[in-house]
Structure formats: C-alpha cells, structure tokens
Amino acid sequence: MNWKDKRILIVEDDQLSSRFLTTVLRDSKADLLYAKNGIEAVDLVKQNGDLDLILMDVQLPGMSGNEAASKIRQFNERIPIIAQTAHAMSEDKDRSINSGCDDYITKPINISLLMDKISQYI
C-alpha cells in the first residue's frame, strides 16, 4: 500500500495498541496523527480538515469513541471513521455505526482485514 499523500488519525488511549497500529501502517507511508481520547480527536479533526481517515477506538477516557464520532459528524460528514473495539457483539457494532462510524473492526485486529477496510475508504 502506498498512501503517501494520505493522513490518518489514530485515536487510541492504549500505548501498545497505538504502537501496533503505527507498526502496521508504517510501510504505507501515510502521515499518522494521534489522539489519546475523544476530546483530542474532535479537536484534531477541527484543526486538520484534510484528514483522510480516522481509526477510532471505542473505549476512551472522558469521551468515548462513539461520542467523538457523533460530535465529528456535526461538522464533518465526509471523513471515514472506522471504529475499533474489543467488544464483538452486534449491538456494539450497531451503536458505533449509529453514532456516525462508517465501519467497524474488532480487536485483536486482523491486519489484512484492517488494510482492506482502510483501502475501501482512502
């Protein structure tokens, strides 16, 4: 994958998960930005209107990923948001989609599935 001109926001409070995503995406050459919670994510999206995709952890301190997605949708309907969570129940997926996420992936993350999902949107 060559996403040299693409900007991806990784919203993840867990340092290990953040490092994992960084390692997985390193070879794609995408420009990666980071937020550790939903509030930071909303602020970063407001400041960076040229983002191409958001990888949004659902369980975040302060403001959940679903809440952040809902707030982002109030001012940006264009940017694709992929929710990522350890919860695999269908109602969890529905909750994320209904909050404004475009797609959903469960943890532990399957790398090829993640890359396929990102490719669909950027």
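Results, tabulated for the structure shown:
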item	result
Hits in segment 91-105 - residues which are free of Cβ contacts under 8 Å to residues at least 40 places away in the same chain and either outside any helix (DSSP H, G or I) or among the acidic types (Asp, Glu) (or both)	Glu91, Asp92, Asp94, Gly100, Asp102, Asp103, Tyr104, Ile105
Whichever residue in segment 1-58 is closer than 21 Å to Lys107 by Cα, over 12 Å from the mean Cα position of the chain (by Cα) and aliphatic (A, V, I, L, M) and, among such residues, is surrounded by the most Cβ atoms within 10 Å (Cβ to Cβ)	Leu25
Selection count where residues are out of contact with any Ser or Thr (no Cβ under 8 Å at 6 or more places or on another chain) and either assigned to a strand (DSSP E or B) or over 26 Å from Asn2 (Cα atoms) (or both), scope segment 37-55	8
Filter result for the condition that a residue is on the phi < 0 side of the Ramachandran plot and either aliphatic (A, V, I, L, M) or out of contact with any helix residue (DSSP H, G or I) (no Cβ under 6 Å at 6 or more places or on another chain) (or both), over Asp50, Asp57, Asp103	Asp50
Residues that are hydroxyl-bearing (Ser, Thr, Tyr), loosely packed, with under 12 Cβ neighbours inside 10 Å and at pLDDT 95 or above, drawn from segment 80-121	Ser112, Ser119
Among (1) modelled with pLDDT under 95; (2) in contact with a helix residue (DSSP H, G or I) (Cβ under 7 Å, 6 or more places away or on another chain); (3) within 16 Å of Lys107 (Cβ to Cβ) - the single one Gly62 does not satisfy	(3)
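The values are calculated or read from the model by the stated rules, or taken from the named source; none is laboratory data. Predicted model, so just to flag it, every value in this text is computed and none were measured. We place every Cβ from the backbone using ideal geometry, glycine too, and count neighbours over all the protein chains shown.
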